[in-house]
Amino acid sequence: MLGLQRRRDRSSPDRPSRTTTVFSKHGALRPFRLLSQDLRNYIKRFPSDWTVFNQLVFASSVYVFFTNLLPGITFASDLYVLTGKNWGTIEVVFSTGLCGVIFSVFSIQPLTILGVTGPFSVLAENIYSLSTDSFNVDFLQFMAWSLIHAGWMHIVLAIFNAHEWTMLYVTEFSCEIFSLLNSIIYFHKAVQELERAHTDLPFDGFLYAIIGAIGTFILALFLSYANSWEPLFHRYIRMGLQEYAAAISIIFFIGMPYVGELKNVDKGTLATSSQAFVPSLPGREHFYVPFWRLPVGWVFAAMIPGAIITILFFFDHEISSIICTIKRYGIRKPTGYAQDIVLLGLTTALCGILGIPPANGLLPQAPLHSESLMHDVKGEYTEQTVIDKHGIEQVVQKPVQRVYEQRWSSFLHAGAILVFIAPPLQLVLGLTPTSVLAGLFIFMGQQSLSVNPVLQRTFYMLTPPSELPALPDDIQSYWPIHGYTLFEIVMAVVVFIVTLTVAGPAFPVIIIALVPFRLLVMNRIWPRPVLRYVDKWACRDGRPEDDVVIPLTSSNEVTGAERRGNAADIEKGVVEGSDSPDGVEVKHESDVSIKTD
């Protein structure tokens, strides 16, 4: 009888249907719901984004300029060969600068950095081969339609709140693997540059390439710790050396091979276009593509690569935005994702029409941008109850750290990149030895890896058990945690291997498949307390294994003042500390910051 009553209740005309629920005012598929929230938040934060400017913001602009421009030129060298000279240095620099400037002004989250990525280079190679060898159609016209289709697909995803019913289920498990994958890719790119030097240069040039790469990395790494040199030098000198570490190292090793007898060494340099502001392809005179000339059948066929590009860009950009706004960065201003996905769709379609490769969210540049803007908030501390290695609880105070939330660093670095489409400045870029680029790749990979929790847990595997931090009472051993860490490393390596095969363009599908795998399978392999200890939601508070379920509303509503904020939260709110002290486990953080005069 009770079961019959329940069935009657379900079929009651007063009960709203599932379709009505998902399209209701707060439903998951309510059109424009997240977009309208993002637009309101954008209007709230936009004026204050231009009021913050200081030497740290300028130093961040210089740092991101080098870490975005030089790797982009490397991808341009690959694209020039892989796309039959259709895309080269001028196209990549144009795209990176143009899309970066647009996002710095109109994006709701200006911390995200845009550029042409390695995975898209692999995808472009496959599309070029299909269009020229199999389809016998013009590559730029076919690619233009692929990017136009990708553009409207992005907009549709944003209109129907795709972030909410996709990325809100993402945990830091997937983000850590994706971040580790990008570190591996940058280390691999460094090795590729040195292999190319070994093939193309005489032996003395190859030896100098090794010296230049290692020197660029070591000098940048050494200077990045200048603040710890106290009492050596004045503190402003130490701050300057640390904030401009990468720039100083790059400029030094660009100039060194042109001094003394080293100028006679045969060294490889970046391939650039220095003749005029024209496309790389001989015979192509203008930066637009007559996409309307593509036969109608191939216009519809271009929807397939357009869908693949959409999957890659949507996930890549969302993960980049998530990682550069995680809790440790103390984000206070309102932010969102739907508006940026619409903007990404528009810039992707625009790049297709202009005949240049599209830009999207970059890893590790986006989180490195946030790292370069981190600072201690003067007179503000947060309390933590910690457990030391002896199991003793104690309360400690840590200075609150946040990033400078502003648009200047994004605008300045992207504007400077856009300026480098000028032929004289292209000539200057052509003086850069590729060995410097290899060293920069190593440095970027190391910087990204250094803030990845996988690295710390890897060190735990090499630490004697007696020296490990105390675990919560419901976890008996570190072995399940070690197994979890090893699984993340193995998955990152597997995905990296896939990127080297003909199945490379499909690697985003593997990353996406990790999301349901984490929620449906891993909880049957690892105990709940272990998963609760090592993992949590990436876009909202809580963990999948928590007993209290947090409603799946919009990202702006679920993360609270600390993650998303509102107009009042810009002036006050809650910010938790970033990392726990070495050798201790954070048991509890206070709900309020302590401000002192």
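Structure values in brief
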{"quantity": "Filter pass, T117 being within 30 Å of V93 (Cβ to Cβ), touching a residue at least 60 places away in the same chain (Cβ under 8 Å) and in contact with a strand residue (DSSP E or B) (Cβ under 9 Å, 6 or more places away or on another chain)", "calculated": "yes"}
{"quantity": "Pairs where the first residue, in the stretch 530-554, is among the acidic types (D, E) and the second is modelled with pLDDT under 85 and not in a loop (DSSP other than H, G, I, E, B), C-beta under 9 Å, 6+ apart", "calculated": "D541/K327; D541/V558; D541/G560; D541/E562; D541/R563"}
{"quantity": "Residue, farthest from L440 (Cα to Cα), within the stretch 255-288, restricted to residues that are in a loop (DSSP other than H, G, I, E, B) and aromatic (F, W, Y)", "calculated": "Y288"}
{"quantity": "For N136: the one exception among (1) assigned to a loop (DSSP other than H, G, I, E, B); (2) surrounded by 20 or more Cβ atoms within 10 Å (Cβ to Cβ); (3) of a type in the set (S, T, N, Q)", "calculated": "(2)"}
{"quantity": "Test for L98: is it more than 18 Å from the chain's Cα centre (by Cα) and closer than 30 Å to M374 by Cβ", "calculated": "yes"}
{"quantity": "Evaluation of Q401 against (1) part of a strand (DSSP E or B); (2) buried (at least 24 other Cβ atoms within 10 Å of the Cβ) (one fails), failing number", "calculated": "(2)"}
{"quantity": "Residue, nearest to G352 (Cα to Cα), within the stretch 130-147, restricted to residues that are without any contact (Cβ under 8 Å) to a residue 24 or more places away in the chain and small (G, A, S)", "calculated": "S131"}
{"quantity": "Residues being surrounded by 14 or more Cβ atoms within 10 Å (Cβ to Cβ) and either in contact with a Pro (Cβ under 7 Å, 6 or more places away or on another chain) or not β-branched (V, I, T) (or both) - total across the stretch 214-236", "calculated": "9"}
{"quantity": "Verdict on G361 being buried (at least 19 other Cβ atoms within 10 Å of the Cβ) and at positive phi", "calculated": "no"}
{"quantity": "All helices (runs of 4 or more DSSP H) inside the stretch 1-86 with 3 or more residues being modelled with pLDDT under 85", "calculated": "2-10, 18-22, 55-82"}
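For every residue, the table says whether it meets (1) within 15 Å of the chain's Cα centre (by Cα); (2) touching a residue at least 40 places away in the same chain (Cβ under 8 Å).
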| position | (1), (2) |
| --- | --- |
| W292 | no, no |
| M303 | no, yes |
| A307 | no, yes |
| F313 | yes, yes |
| S321 | yes, yes |
| R332 | no, yes |
| I341 | yes, yes |
| P357 | no, yes |
| G361 | yes, yes |
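The values are calculated or read from the model by the stated rules, or taken from the named source; none is laboratory data. Everything numeric in this text was worked out from a predicted model, so none of it was measured. Glycine also receives a Cβ, built like all others from the backbone with ideal geometry; neighbour counts cover every protein chain displayed.
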